[in-house]
Each structure stands twice: as structure tokens, then as C-alpha cells.
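The next block holds one structure in the form of C-alpha cells; read it before the comments.
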2 protein chains.
Amino acid sequence: MKETRRISVGGVDIGGGAPVVVQSMTFTSTHDVDATIAQIGKLVEAGCEIVRVAVPKNEDAAALSKIVYLSPVPIVADIHFNASLALKAIDAGVAAVRINPGNIGGPDKVAQVVKAAKAKNIAMRIGANSGSLPEHLRDLEDGADALVRAAMEEVVLLEKLDFYDFKISVKSTSVPEMIRAYRTISDKVDYPLHLGVTESGTPFVGALKSSVGLGALLADGIGDTIRVSLTAEPEKEVEVAFEILKALGLRERGPVMISCPSCGRDNVGVQSLAETVEDRLRSYEEAFEVAVMGCAVNGPGEAGNADFGIAGGRDTGFIYAHGRVLRKVESATLIDELFNEIDTWIEAGMKRPKRLKMAKSATELMAEAAQRA
Amino acid sequence: MKETRRISVGGVDIGGGAPVVVQSMTFTSTHDVDATIAQIGKLVEAGCEIVRVAVPKNEDAAALSKIVYLSPVPIVADIHFNASLALKAIDAGVAAVRINPGNIGGPDKVAQVVKAAKAKNIAMRIGANSGSLPEHLRDLEDGADALVRAAMEEVVLLEKLDFYDFKISVKSTSVPEMIRAYRTISDKVDYPLHLGVTESGTPFVGALKSSVGLGALLADGIGDTIRVSLTAEPEKEVEVAFEILKALGLRERGPVMISCPSCGRDNVGVQSLAETVEDRLRSYEEAFEVAVMGCAVNGPGEAGNADFGIAGGRDTGFIYAHGRVLRKVESATLIDELFNEIDTWIEAGMKRPKRLKMAKSATELMAEAAQRA
């Protein structure tokens, strides 16, 4: 992981080896405090650690002190074009402001906002976005280069003001462009990076685009906080963000289920088995891994690598726990017995025994069964 | 992009700079020819370019010649444990066989299969899987290292037999493990690589895991053919595969829509606007980009970068085409007018004018509107 400078957004550490922070943004009218707080509540329940709210008008700025007071997580005010809104937001006690020094009204306005941020010891997010590049950079051939230049101009501006408590974003709708931009800026500076693919789209396509773009960067240790942008309920953004981080082993949140693809070798209907197990896993907050397998080829091996697993068969299946075959059970009770094992293990404190070598007999047994079939 | 050796799977080029090939696997019983062909039909309609079928039994091998004859795309036979099934599959005319030289019955059996493959001039897929590593590698601390070693043992075996027409996979349920394994093997050999995350899970989580893992590798030019494994209908695998490739600009398939996240700045209900546009785009096969934006901050810029775009407002919105504001229209007819423009453009041959600098007036206009609001 790239070592970045650590900043604090209302007590939540970003960068410097801290866990990658998940954030999102409300889409209520910020001045509607009840609606905004209700949405923040849903976001926090989904695991969101920092919430950004848009502050386009004075009435939104006026609502901030109440929102900051009521929100269980730090609030970041998102401000464009208008420095006085930024000053009001800082005054209202937000944990950070997201501004674009290039559109806030000139160097004097930036200096005013920085002075206010310093006085309250709060952080900033700066950075560029492929959709709102400054005029003089819009014609550059290389979009990634334009993003990096725009962000670096802002960095220079803040450093001149002796201000360093900020994170940077260089977001684009183009995944290859944002990957290149973040890689380049990560080489240039050690400020923490806020990752995102802008305008990524509807839940399905947008989630995949974000997974590709954020995943490619996070896999290389680039990125200190992430926001998945979806045209959807914001709690969906948080869910996708955690799945990306879980896939890379960067964060844990709830159980992880692996299941094999349905294929011609499938002999227990893995799909319905997996759906049932996934449904029942939703009520668990603990982080553990369950494998749902349907056949003799990869089943026993994969199931053996998870905390728990089942490998199905027509009439009987196997239950695995911590790398060992636990027992052979009738298919009808396979899922119930699996969850009994999980519950007992959680009650006993979720101890993970040192991994044992997988019992050879199970693999061989099922391979032999496949041969005979 | 890493330059790999090119192989042909039934006329579909893999590696050597060919476009990344999308493949999937049926989950019908292969011996049920009608069901298998029906599923292949759905896969091909979704864009699948190579289909793998499981061949666990003699009756499945016996069905292959009919399937090969009826399938519009090359068929790969997936065989484990049993060399005689591989020989039968090759005899039936499959375009490639996927075998694991480590479990097919010893060096003599491998030599028999290679001899048959050479005689028919067909390709092979070899490689390892975290769930079915050979016995002597199962205890290695580093799972990625075990995968690479297992695959390299197979490579050595085939090279000794003077056989080089193969692609390699080193799949794992662990995304970081498969990323490391593929990166390592990509450094070691120039055979084309078949990417996949095994047992990646139910459609939502599995698609995200695959996007992260495959995306991280493809972004670096690693990977010549991909399969997304989901516990779902296989055509969903193909859809996700294309979204990953489209996100990275590696393949085109149908229109791409970008839309901004719902946020407090949203003043036209982007979510429903985006859903309507997405629905109407489903009927298009042409590759073009449409932006659906809701506000003055990133809206005009992003919409201006797409082939077409709309940026909404409460009563009126803007239509963009090829980097220019086309006109201001009433919100009620925004979508219809957008699709009229798209249809006219397609009928006229989809010409893309050289990008013009975006009309400054639109950005400024909307920024001013935001200021006034």
C-alpha cells in the first residue's frame, strides 16, 4: 500500500495506513433536515463512514449545523462556485469541505476558505473531475493529464497557503482515464486520495464500472477513501463499496459467501442452494466465509478453504468447517446443519483453528464418485 | 497490452493482440442436446464467443458431435480425471479441450491427449484452480505461488511433448490471490491467459468480485480471454464480461450510458430519467455513448463528452450532440427529442465530427443559473 499523509475528517482517519474509508453522498435537498438525516441514517446502517451533502444554496448552508449535530458520522459539505457558502459550512461545524479551488472565485476566496478551515482545524477535499475541468485545460488531448494538471494547480495553491490537510480526487467517467490519472498523481504527491468513477451509471453497470476502476487502483494500494457513484439509492453505493473492499481483503463487513457457477457438473442445483444460504447470511454481522459447492471437481477444495462450507450431492452432502470435513449429511438438512454449526461457532467466540491440511479422503471420495457416476 | 502467443479456438483468435474473447459455460446436462443447444443459443445472443460444456460422463462425450455440429460458436470440452473422455471429445470435433494434466491419469495419458489434439490441430486450456491444486502443492503458504507452480508444471509437461497451442488459467476464489498469480505467470510465459475468479458467487456479489479481479488485470493488459463465473443463468456471465471490457474500452457492444449520481444538486430526478433512457437504449445494437445529467456542476461537461447527452432542469433541459449544445427543450419532451437525434444520426451513418471545444456559453449559463438559484 502506498504510504500517504494521514488526515482526519471529523475523527475518521484517511490515509497513512488507515483502513480504506467508505463514503457516500445524500441526494435529499440538504435544507430538508428530516429527509437528509433519515437518509444519513440509512447510509450509516449500510456502513457508510463519512457522508457528503450538497450545499448549493444559502438555505442548505443554514441547515448544516443541525445536520452536523444530528448525524452519527462526519459531514462533508460539497460546495461549488460560492466561497461564502463554504465559509458558512465551516462555521456550521462540518468535518470537511469539498471545494474546487478553480471555481470558487479566485485566489483571495480560496485564501479565505483555507483560513477558516485552519481556524477550525478541518480538512478539505480538492481535485478535478472530467466534467468540470478548468477552461484552459479542456482542450488537452490526454484527459488523464488534464485531470492531474488541474489537481496539481490546486495543490500548489493550497501549499502556498501553508495548508496540507486535504485529500485529492481526479475522477472521470472513463475508467482507463481515471486509472491513469490516479496512478500519475499517486506518483507525484503523498496526499491521501479519494477514489471515484464519476457518473458511473445505473446500479448494475455503474457498480461494475466502479469495481473495475476502483478495484484496479486499490489492488495496487492506491486509494485511501472511496465513493461509488450510482444513479440509485445511496445505501446501494455503500454496499457496492464494501463488496469491492471485501473482494480485495481490505475491509471486512458481514459474511462472505462463495459459490460455484452452475455448470453441467452441477448435481444439486447450486443456484437455489446458494440463494438460500445468502438469504440466511444477511442476518449475520460477523465476518466469516461460507462456501456453497455443487460438485466433485472444485467443491471439496474450495469449501475446505472457507470457514464453513457445504458440498452437495444428489441425496447426501458434506459439511466442512475450518478446512476439515465435518460430516456427511442428508441433502434435506444440509443448510440447517450448516447454520447450526455457524451459530455454535459464533457463540463460542469465532475461534479459527490453525489450518489443517484438507482430509485427502474427501477429495478422493468425491473424485471417485464422479468417476463412477 | 502484453504481447502473447496467438492460438485459435475453432477459428476464434485468442492472444497475440486479438480482442479479448468472452466465453461462458453451459450448465445443462451436456448429454441433453436440445437443452444444451438452447442454452448455447442464449449465450451467443448475449455475445458469447466460445462456449465450454462439461463432459463428466460417456453419454456427454457421445452428445458432443451433435452439439459441435449445431453450435454457432466453437465448443470447448471440460474434462477431469478421465483421458478417454478427452480423446472422445477430440474425436467428436470440439475446438479445444480443457484438461488438468495433473489429474488426467499420468504422463502417458497426457501424451495420448496431446497426440490427438495435434492430429486434429486443436487447442487446449490448462491451468490450476485454488480448489483443485495437486496434492504436493496444497500446503504452500502462498496460494498464488501454488497456482503458478501447478500451472508451470503443466506447461513443462506440454512443452516436453512439443505442444504449444494452449492457454493457461490460474483461478482462485481469492481476488488478491488470482491477481498475483496471473501477474506472476504473465511475467514467466507468453501463452495466452484465460482469466477468471472461481466460485465468485451470486449475481450481484460475484459480478463485483469478477469486475475487481479481471478489471485489475485487464487494465494492465493482462488477459486474452475471460469468463465471469456466476451462480446464475450463464448469459448473465456474458453480460457482465462485456461490461467489464466496455468499461476499459477493450470491446464495444451496444450503447454505453453514463449518468450522474443522485445528489442534493439533482433537480430533475436523474434516477428515473436514467432508467427511462437505459430502457430505450436496450433496443440499440450500435456502439455509442449517451450521458444523462441532472445539474449544472458536472452535467454540461460530461454530457458534452458523450456522443449524445441531456442535462436536465426543472422546466427545461439541454440536448447535447458530439460535444456541442444542440438546443434547449422542454423537460417533458427531452427524452423523445434525444432519441430522435440518435435515430437520425444512426440512419445517416453514425458520423462523429471532429470534437469541437464545448460551447462556453452553456457551462456558463448553467453555472450562472446555479448561482441565482
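The values are calculated or read from the model by the stated rules, or taken from the named source; none is laboratory data. Because the structure is a prediction, the values reported are computed rather than measured. Cβ atoms come from the backbone with ideal geometry, glycine included; neighbour counts cover every protein chain shown. For accessibility, only protein heavy atoms count, side chains too; no ligands or nucleic acids. Shrake-Rupley method; radii C 1.70, N 1.55, O 1.52, S 1.80 Å.
Residues that are among the small types (G, A, S), within 21 Å of B:A117 (Cα to Cα) and assigned to a strand (DSSP E or B) within region B:1-32 comprise just one, B:S8.
Please go through region B:180-201 and give me each residue that is open to solvent by less than 10 Å² (accessible area, probe 1.4 Å) and closer than 24 Å to A:N305 by Cα, ordered by number. Of everything in region B:180-201, those that are open to solvent by less than 10 Å² (accessible area, probe 1.4 Å) and closer than 24 Å to A:N305 by Cα turn out to be B:A181, B:Y182, B:I185, B:H194, B:L195, B:G196, B:V197, B:T198, B:E199, B:S200, B:G201. Restricting attention to region A:239-255, the residues being touching a residue at least 12 places away in the same chain (Cβ under 8 Å) and touching a helix residue (DSSP H, G or I) at 6+ places or on another chain (Cβ under 6 Å) number 8.
May I ask you to list the residues in region A:118-152 that are basic (K, R) and either in contact with a strand residue (DSSP E or B) (Cβ under 7 Å, 6 or more places away or on another chain) or in contact (Cβ under 8 Å) with a residue 12 or more places away in the chain (or both)? If the condition is that a residue be basic (K, R) and either in contact with a strand residue (DSSP E or B) (Cβ under 7 Å, 6 or more places away or on another chain) or in contact (Cβ under 8 Å) with a residue 12 or more places away in the chain (or both), then A:K118, A:K120, A:R125, A:R149 are the ones that fit. When region B:308-326 is limited to residues that are touching a strand residue (DSSP E or B) at 6+ places or on another chain (Cβ under 6 Å) and not aliphatic (A, V, I, L, M), the one that is farthest from B:W345 (Cα to Cα) turns out to be B:T316.
Would you check if B:K88 is assigned to a helix (DSSP H, G or I), more than 30 Å from B:G47 (Cα to Cα), assigned by TED's automatic domain parsing to the domain that holds B:T225 and not hydrophobic (A, V, I, L, M, F, W, C)?
Details: assigned to a helix (DSSP H, G or I): yes; more than 30 Å from B:G47 (Cα to Cα): no; assigned by TED's automatic domain parsing to the domain that holds B:T225: yes; not hydrophobic (A, V, I, L, M, F, W, C): yes.
For B:K88, the condition - assigned to a helix (DSSP H, G or I), more than 30 Å from B:G47 (Cα to Cα), assigned by TED's automatic domain parsing to the domain that holds B:T225 and not hydrophobic (A, V, I, L, M, F, W, C) - is not met.
Taking B:A241, is it modelled with pLDDT under 85 and either of a type in the set (G, A, S) or outside the structural domain of B:F339 (by TED's automatic domain parsing) (or both)?
So B:A241 does not fit the description; no.
Among the residues that make up region B:161-178, is at least one of them open to solvent by less than 60 Å² (accessible area, probe 1.4 Å) and closer than 17 Å to B:V55 by Cβ? Among the residues of region B:161-178, not one is open to solvent by less than 60 Å² (accessible area, probe 1.4 Å) and closer than 17 Å to B:V55 by Cβ, which makes the answer no.
Every residue, every condition in (1) within 7 Å of chain A (Cβ to nearest Cβ); (2) under 30 Å from B:E347 (Cβ atoms); (3) polar (S, T, N, Q), yes or no:
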position	(1), (2), (3)
B:V205	yes, no, no
B:L245	no, yes, no
B:M257	yes, yes, no
B:V277	no, yes, no
B:Y284	no, yes, no
B:A287	no, yes, no
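Among the residues of region A:219-233, the ones that are on the phi < 0 side of the Ramachandran plot, buried (at least 24 other Cβ atoms within 10 Å of the Cβ), at pLDDT 95 or above and not in a strand (DSSP E or B) come to 4 in all.
Taking A:I40 and the conditions (1) part of a helix (DSSP H, G or I); (2) within 14 Å of chain B (Cβ to nearest Cβ); (3) within 30 Å of A:G221 (Cα to Cα); (4) in contact with an Asp or Glu (Cβ under 9 Å, 6 or more places away or on another chain), which numbered condition does it fall short on, given that it satisfies the others? Tallying (1) part of a helix (DSSP H, G or I); (2) within 14 Å of chain B (Cβ to nearest Cβ); (3) within 30 Å of A:G221 (Cα to Cα); (4) in contact with an Asp or Glu (Cβ under 9 Å, 6 or more places away or on another chain), A:I40 fails exactly one: (4).
Of all the residues in region B:50-81, those that are farther than 28 Å from B:G102 by Cβ and either assigned to a loop (DSSP other than H, G, I, E, B) or in contact with a Cys (Cβ under 8 Å, 6 or more places away or on another chain) (or both) number 3.
Can you find even one residue in region B:248-263 that is at pLDDT 95 or above and either in contact with a Gly (Cβ under 8 Å, 6 or more places away or on another chain) or open to solvent by less than 10 Å² (accessible area, probe 1.4 Å) (or both)? There is at least one residue in region B:248-263 that is at pLDDT 95 or above and either in contact with a Gly (Cβ under 8 Å, 6 or more places away or on another chain) or open to solvent by less than 10 Å² (accessible area, probe 1.4 Å) (or both). When A:I90, A:I75, A:I37 are screened for being open to solvent by less than 10 Å² (accessible area, probe 1.4 Å) and within 25 Å of the chain's Cα centre (by Cα), only A:I75 passes.
Looking only at residues in region A:207-238 that are in contact with a Phe, Trp or Tyr (Cβ under 8 Å, 6 or more places away or on another chain) and in contact (Cβ under 8 Å) with a residue 40 or more places away in the chain, the one that is nearest to the other protein chains (Cβ to nearest Cβ) is A:P234.
For A:I126, are the conditions met, namely being buried (at least 21 other Cβ atoms within 10 Å of the Cβ) and within 23 Å of A:L147 (Cα to Cα)? Talk me through it step by step, then tell me what you get.
On the way: buried (at least 21 other Cβ atoms within 10 Å of the Cβ): yes; within 23 Å of A:L147 (Cα to Cα): yes.
For A:I126, the condition - buried (at least 21 other Cβ atoms within 10 Å of the Cβ) and within 23 Å of A:L147 (Cα to Cα) - is met.
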